[in-house]
1. Which condition breaks for residue 275 when tested against (1) touching a helix residue (DSSP H, G or I) at 6+ places or on another chain (Cβ under 8 Å); (2) surrounded by fewer than 22 Cβ atoms within 10 Å (Cβ to Cβ); (3) farther than 30 Å from residue 121 by Cα?
2. Only residues that are touching a strand residue (DSSP E or B) at 6+ places or on another chain (Cβ under 8 Å) and closer than 20 Å to residue 99 by Cα: list them for region 280-300, please.
3. Can you give me the number of residues within region 202-220 that are under 20 Å from the mean Cα position of the chain (by Cα) and crowded, with 24+ Cβ neighbours inside 10 Å?
4. Within region 117-125, identify whether any single residue is surrounded by 17 or more Cβ atoms within 10 Å (Cβ to Cβ), at pLDDT 95 or above and closer than 22 Å to residue 251 by Cα, and answer yes or no.
5. Quickly run through region 1-55 and pick out the residues that are over 26 Å from residue 87 (Cβ atoms), surrounded by 18 or more Cβ atoms within 10 Å (Cβ to Cβ) and either touching a strand residue (DSSP E or B) at 6+ places or on another chain (Cβ under 6 Å) or not assigned by TED's automatic domain parsing to the domain that holds residue 255 (or both).
6. Going residue by residue through region 337-347, is there one that turns out to be outside any helix (DSSP H, G or I) and over 16 Å from residue 303 (Cβ atoms)?
7. If residue 43 meets every condition in (1) under 20 Å from residue 106 (Cα atoms); (2) outside any helix (DSSP H, G or I); (3) modelled with pLDDT of 95 or more apart from one, which number is that one?
8. Looking only at residues that are assigned to a loop (DSSP other than H, G, I, E, B) and surrounded by fewer than 10 Cβ atoms within 10 Å (Cβ to Cβ) in region 455-480, which one is farthest from the chain's Cα centre (by Cα)?
């Protein structure tokens, strides 16, 4: 059944090995680099079990008859898709869209894979059974999952098997009656500190010779040999909730994962030594569409929040009445409305995939291309509206505890809409969203989480209805020709 926040926190006390700041963390749940963000993740579970939320956030497990999170729901109609989206949108609201790898992201990928069960059966009944059983296990235990599906960058001109170290990229080094053993690295392990398990797979193209890297499997993050190499913690650098309201609470962290001969039982292996299947599982099933649909829901919430932030900044600075400012806000509002419209469009124009209802891939990939470009532009507009206000702020909350400094803050942080404390509080939030290390990381994340520009544009090219577009041109051109001439045989390109 749906887990509580307390149960989720307990599940994370599992002895996993995380490296940060030159040491191994023994109890990451209570470590200052991770603890507040982990608490925020746990709060998501408590939220869905509140009496007023449970109907919106959960559905009944067909196996246990108990309430489980809607992130595991497999919609069979447009109406059910909207039910699921309402739950995911509510969850995104809790972090203002700043939890990029909230539990509903990889759950959406697993759900999409499950919808494509026939594809897995074609590669082997044992793989299909492993996926089916794991989906039900994760659903009924409400697991928080993440994934690592990208190779370390290293020499990007070469494939996984061509790297100087054959174990740079996680690959299969052994298999026996119990399962497989993998060795090597994968990225980008976003959200590992608050997740239970990680999917290890490859979404990048593989070629002949890369067979041992073409596997998909689920690994508990405390499995023997799993090593998490964490980036710098922005949460640990946060002075206080007041000074860094977002990074102190929603720094989901990112890690490179190294698998030091990690044993994975067969019941957790979905793909093995199959180049074609390793790629097909993403696009021949609804997996890639569902996971990126979740991303667009989250981004819609995030941009809505940033738009509200922009409006409050202009009110606080007393410039809301200036025509150029209203024009900028109008442009930003139009852009947020466009993102909202694209989410609605991919839903209403969705279609059936077997018995399941799936968002429209053409609309989805159009949205990913556009929002990759839109997010940096949107942040630039917000910066222009804020001006120097996000920089010229008191050093930290402790300044308000000093009477002399507090009196100077009151004199210098003026606003027609709020007091000095309210002004500082707002601009501290704005800076954390767009200018801090946390904010800069989010800019990079939104630009690349769905792939490089050439990748997302490739998806858009692949899924667009070119026959319809080109057909319109051909049909129109077929309706006219050169004017009649004395010699009808004389046509450009048709002269004997």
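1. Here residue 275 meets the rest and fails (3).
2. 289, 290 - these are the residues of region 280-300 that are touching a strand residue (DSSP E or B) at 6+ places or on another chain (Cβ under 8 Å) and closer than 20 Å to residue 99 by Cα.
3. Looking only at that region, the number is 4.
4. No, there is no match, as no residue in region 117-125 is surrounded by 17 or more Cβ atoms within 10 Å (Cβ to Cβ), at pLDDT 95 or above and closer than 22 Å to residue 251 by Cα.
5. 17, 18, 20, 25, 28, 31, 33
6. No - not one qualifying residue is present in region 337-347.
7. Against the list (1) under 20 Å from residue 106 (Cα atoms); (2) outside any helix (DSSP H, G or I); (3) modelled with pLDDT of 95 or more, residue 43 comes up short only on (2).
8. Applying the first criterion (assigned to a loop (DSSP other than H, G, I, E, B)) to region 455-480 yields 464-465, 478-480.
With the extra rule that they be surrounded by fewer than 10 Cβ atoms within 10 Å (Cβ to Cβ), the set shrinks to 465, 478-480.
Details: 465: 27, 478: 46, 479: 48, 480: 50 Å.
The selected residue is 480.
The values are calculated or read from the model by the stated rules, or taken from the named source; none is laboratory data. The model shown is predicted, which means the values in this text are computed figures rather than measured ones. Here the Cβ is made from the backbone with ideal geometry for all residues, glycine too, and neighbour counts use every protein chain on show.
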